[in-house]
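One structure below.
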Amino acid sequence: PDGRFDKIPICPSTGYNVSGTDQTNHMTFEVALQAHQSGSGDGIGIALTSEALCFNDGGKLQYLIGVDLDKVKGCSEKTKAARSICKTIDSYSEVSPSGTGIRIFALSDELVGKGQSPSGEMYNTGRFLTVTGHGPQREVVNATDQLKTLECQWWPEELSNPSNYSLSSRSQASYPDT
């Protein structure tokens, strides 16, 4: 009724809800796109798993990192910050399904991202992020240094005190961006 889409993962063959973080439900982007184009679901999502996707030119493993900037539209301060972050990371970015946020996907040689911060969210695992395809056509590129810098800005106290951070803190419940 409010024009928003559900962001609940489904099995394309059954239409039933599934867990987006359960790897038995994962499929390639091509299979998901074909299912969606055939009428299954409201859209496509990407599951972040902390598994390496590929190797960089130097032979190091690369991981997919998702950055989520909520409620950017309509707030000049957040819009300015989001533009700066998008320009700095310089990887694939798009308008989020709500129409008010920005999603960025980038590769990293390191597993960066600690979940939610007051400035935004950054994840490497335990997340199912829906995608729209509404944004500048860019490749997903390696932005390790830029993501590490952003991580230091968003979580300075955790990086100075490693005991504040645990792996379980990365698997928080998903909240719809509004």
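Screening region 116-139 for residues that are more than 14 Å from ALA106 (Cβ to Cβ) and touching a helix residue (DSSP H, G or I) at 6+ places or on another chain (Cβ under 7 Å) and picking the one that is most open to solvent (accessible area, probe 1.4 Å) gives SER119.
Is it fair to say GLU110 is open to solvent by 60 Å² or more (accessible area, probe 1.4 Å) and touching a residue at least 12 places away in the same chain (Cβ under 8 Å)?
Values: open to solvent by 60 Å² or more (accessible area, probe 1.4 Å): yes; touching a residue at least 12 places away in the same chain (Cβ under 8 Å): yes.
The answer is yes for GLU110.
Could you check region 92-112 and list, in sequence order, the residues that are within 11 Å of THR144 (Cα to Cα) and either in contact with a Gly (Cβ under 6 Å, 6 or more places away or on another chain) or not aliphatic (A, V, I, L, M) (or both)? Scanning region 92-112 gives SER108, ASP109, GLU110.
Filtering region 35-58 to residues that are assigned to a helix (DSSP H, G or I) and open to solvent by less than 40 Å² (accessible area, probe 1.4 Å) leaves only ALA35.
Only a single item in (1) open to solvent by less than 30 Å² (accessible area, probe 1.4 Å); (2) touching a residue at least 60 places away in the same chain (Cβ under 8 Å) is not met by PHE105, and it is number (2).
In the set (1) touching a helix residue (DSSP H, G or I) at 6+ places or on another chain (Cβ under 6 Å); (2) open to solvent by 50 Å² or more (accessible area, probe 1.4 Å); (3) not acidic (Asp, Glu), VAL18 fails one condition alone, (2).
Do the conditions hold for ILE10, that is, is it of a type outside the set (Gly, Ala, Ser) and touching a residue at least 40 places away in the same chain (Cβ under 8 Å)?
no
Number of residues in region 61-89 that are open to solvent by less than 30 Å² (accessible area, probe 1.4 Å) and not in a strand (DSSP E or B): the value is 5. Can you tell me which condition HIS26 does not meet? The list is (1) surrounded by 13 or more Cβ atoms within 10 Å (Cβ to Cβ); (2) in contact (Cβ under 8 Å) with a residue 24 or more places away in the chain, and all the others hold. (2) is the only condition that HIS26 fails.
The values are calculated or read from the model by the stated rules, or taken from the named source; none is laboratory data. From a predicted model like this one, the values you see are computed outputs, not experimental measurements. Because the Cβ atoms are built from the backbone with ideal geometry, glycine has one as well, and the counts that use them run over all protein chains shown. Just the protein is used for accessible areas: all its heavy atoms, side chains included, with ligands, DNA and RNA removed. Shrake-Rupley method; radii C 1.70, N 1.55, O 1.52, S 1.80 Å.
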